[in-house]
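Heads up, the thing below is written out as structure tokens.
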Amino acid sequence: MLYYALVFFIIAIIAAALGFGGIAVGAASIAKVLFVVFLVIFLVTLVMGLMRR
């Protein structure tokens, strides 16, 4: 479960780098939404993984 949390976190970081860095100006709003979505998924899976222990 923590593996998925790490994967979602890495995807969120990549989405933030592309969206917030100005590389893809047209897709910045999509990257921001994806960043928030994957960050929420990361936090949920992290909490669930810690509760399973």
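Observations
- Meets criteria (assigned to a helix (DSSP H, G or I), under 9 Å from the mean Cα position of the chain (by Cα), loosely packed, with under 14 Cβ neighbours inside 10 Å and at pLDDT 85 or above) for Val36: yes
- Looking across Ile11, Ile30, one residue alone is surrounded by 14 or more Cβ atoms within 10 Å (Cβ to Cβ) and either among the β-branched types (Val, Ile, Thr) or at pLDDT 90 or above (or both). It is Ile11.
The values are calculated or read from the model by the stated rules, or taken from the named source; none is laboratory data. Please read all numbers here as calculations on a predicted model, not as lab measurements. Cβ coordinates were reconstructed from backbone atoms using ideal geometry, including for glycine residues, and neighbour counts include every protein chain displayed.
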